[in-house]
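Enquirer: Just dropping this structure here.
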Amino acid sequence: MIGRKLANIIRLAVSYIILIVLAISALYPAIWIVLGSLRPGKSLYSKHFIPDQLTLVHYKELFTSQVYLFGTWYMNTLKIALCSMLIGVLLILLTSYAVSRFRFKGRQTALSTLLILGMFPGFMSMIAIYLLLKEFHLLDTHLALIIVYAAGAPLVGTFIAKGFLDTIPRSLDEAARIDGASNFGIFARIILPLSRPMITYMALTQFVGPWVDFIFARLILRTKENWTVAVGMWDMVNTIQNSNFTLFSAGAVLIAVPIMILFAFLQRLLVDGLTAGASKG
């Protein structure tokens, strides 16, 4: 009996130690970046973890500098992320509703195709997409990013959304159809209100992707005024002459704040949407 209690205590202690180590590993870099953004000078190195003097000059410089167009980049990224999110979520909902509620020829083939295409990394198709955008004269435009981000959304979200829609009883559809509702009416008046957790999860994931993407944005956007914030911040530390790491840290904090706020307020809906969507395939 004593041995069993001792084993439980040891197991619990080991679990807490592992959780503490993981928490420190996750929080330490974030705290370091926040403190680095408040540190005077340009270097992140400091003899002390907490700076002797705190300053907000780097945050001010981001929006007043004539070299770094952070405000323009921020608004560019916000526009691209919002448009991609709205169109992408709409495409996911329409696709998942079709494969969840209807049985048609080629349905399994379409699902298998989506599954296979979703297994390949996105950067494998970048050269082909680049050539297509060049033919359509869409290089160095925000429209190109919005089209690609939104069109790729169903590859990622269709199966999760379909799993959630499968949990909604079909009897609701049948009752609405008896009352004379069309397929679009059922989708708009029944499916969408009941899918709020899943829609929230999809909206946030589709927003975060374009918000932090660097590789594709760097490939497509060439003009400095059209850059996204990820491309612009990369330019801050790209060369030795531009190694302004404290300014980079301030930009990183400003990028992270909106995402942290959204995830904090919508955490419950995110968990509900993810777990319900994963219950059925």
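The values are calculated or read from the model by the stated rules, or taken from the named source; none is laboratory data. All values derive from a computational prediction rather than experimental measurement. Cβ: placed from backbone, ideal geometry, glycine included. Neighbour counts: every protein chain shown. Ligands, DNA and RNA are excluded from the accessible area calculation, which covers all protein heavy atoms including side chains. Shrake-Rupley method; radii C 1.70, N 1.55, O 1.52, S 1.80 Å.
Enquirer: Considering (1) open to solvent by 30 Å² or more (accessible area, probe 1.4 Å); (2) outside any helix (DSSP H, G or I); (3) of a type in the set (Lys, Arg), say which one ARG11 fails and leave the rest.
Expert: That leaves (2) as the condition not met.
Enquirer: I'm trying to understand the selection: among the residues of the range 146-194, which are under 25 Å from ILE80 (Cβ atoms) and open to solvent by less than 60 Å² (accessible area, probe 1.4 Å)?
Expert: Residues satisfying the conditions are ILE146, VAL148, TYR149, ALA150, GLY152, ALA153, PRO154, GLY157, THR158, ILE160, ALA161, LEU192.
Enquirer: Among residues belonging to the range 52-75 that are buried (at least 17 other Cβ atoms within 10 Å of the Cβ) and outside any helix (DSSP H, G or I), point out the one that is modelled with the lowest pLDDT.
Expert: TYR68
Enquirer: Continuing with this model, one more query. Only one of these conditions is not met by GLY209: (1) over 24 Å from the mean Cα position of the chain (by Cα); (2) among the small types (Gly, Ala, Ser); (3) open to solvent by 20 Å² or more (accessible area, probe 1.4 Å). Which number is it?
Expert: (1)
Enquirer: Listed residues LEU204, LEU221, LEU194, LEU247; which is of a type in the set (A, V, I, L, M) and over 29 Å from ALA30 (Cβ atoms)? Lay out the reasoning, then the answer.
Expert: Values: LEU204 fails: over 29 Å from ALA30 (Cβ atoms); LEU221 fails: over 29 Å from ALA30 (Cβ atoms); LEU247 fails: over 29 Å from ALA30 (Cβ atoms).
Criteria check complete, one pass: LEU194.
Enquirer: Follow-up. So, in the range 133-145, how many residues would count as being closer than 20 Å to THR228 by Cβ and not in a loop (DSSP other than H, G, I, E, B)?
Expert: 6
Enquirer: In this structure, does ILE31 turn out to be open to solvent by less than 90 Å² (accessible area, probe 1.4 Å), on the phi < 0 side of the Ramachandran plot and under 21 Å from the mean Cα position of the chain (by Cα)?
Expert: Working: open to solvent by less than 90 Å² (accessible area, probe 1.4 Å): yes; on the phi < 0 side of the Ramachandran plot: yes; under 21 Å from the mean Cα position of the chain (by Cα): no.
So ILE31 does not fit the description; no.
Enquirer: Which condition breaks for HIS48 when tested against (1) surrounded by 11 or more Cβ atoms within 10 Å (Cβ to Cβ); (2) more than 27 Å from ILE191 (Cα to Cα)?
Expert: The failed condition is (1).
Enquirer: Residues of the range 100-131 being in a helix (DSSP H, G or I), at pLDDT 80 or above and open to solvent by 100 Å² or more (accessible area, probe 1.4 Å), which ones?
Expert: If the condition is that a residue be in a helix (DSSP H, G or I), at pLDDT 80 or above and open to solvent by 100 Å² or more (accessible area, probe 1.4 Å), then GLN108, ILE127 are the ones that fit.
Enquirer: Being among the hydrophobic types (A, V, I, L, M, F, W, C), out of contact with any Leu (no Cβ under 8 Å at 6 or more places or on another chain) and assigned to a loop (DSSP other than H, G, I, E, B) is the filter here, so list the residues in the range 26-51 that pass it. Give the derivation first.
Expert: Taking the range 26-51 as the starting set, the residues that turn out to be among the hydrophobic types (A, V, I, L, M, F, W, C) are 26-27, 30-35, 38, 44, 49-50.
Now narrow it down to the ones that are out of contact with any Leu (no Cβ under 8 Å at 6 or more places or on another chain): 26-27, 30-31, 33-35, 44.
Selection gives LEU44 alone.
Enquirer: Moving on. Contact list please: Cβ distance under 7 Å, first residue in the range 212-231 and on the phi < 0 side of the Ramachandran plot, second residue outside any helix (DSSP H, G or I) and among the acidic types (Asp, Glu), pairs at least six apart or on different chains.
Expert: ILE220/ASP140; LEU221/ASP140; ARG222/ASP140; THR223/ASP140; ASN226/ASP140; ALA230/ASP213
Enquirer: Separate question: Residue by residue through the range 76-99, note down the ones that are aliphatic (A, V, I, L, M) and either open to solvent by less than 50 Å² (accessible area, probe 1.4 Å) or under 14 Å from ALA230 (Cβ atoms) (or both). Don't jump to the end; show me each part of the working.
Expert: Taking the range 76-99 first, the residues aliphatic (A, V, I, L, M) are 78, 80-82, 85-87, 89-94, 98-99.
LEU78, ILE80, ALA81, MET85, VAL89, ILE92, LEU93, ALA98, VAL99 - these are the residues of the range 76-99 that are aliphatic (A, V, I, L, M) and either open to solvent by less than 50 Å² (accessible area, probe 1.4 Å) or under 14 Å from ALA230 (Cβ atoms) (or both).
Enquirer: How many residues, within the range 69-116, are under 24 Å from the mean Cα position of the chain (by Cα) and either farther than 25 Å from LEU143 by Cβ or not hydrophobic (A, V, I, L, M, F, W, C) (or both)? If you could, list the steps in order and put the result at the bottom.
Expert: Going through the range 69-116, the residues under 24 Å from the mean Cα position of the chain (by Cα) turn out to be 69-97, 111, 113-116.
Next, from what is left, pick out any that are either farther than 25 Å from LEU143 by Cβ or not hydrophobic (A, V, I, L, M, F, W, C) (or both): 71-72, 74, 76-77, 79, 84, 88, 95-97, 111, 113, 115-116.
Residues flagged as under 24 Å from the mean Cα position of the chain (by Cα) and either farther than 25 Å from LEU143 by Cβ or not hydrophobic (A, V, I, L, M, F, W, C) (or both) within the range 69-116 amount to 15.
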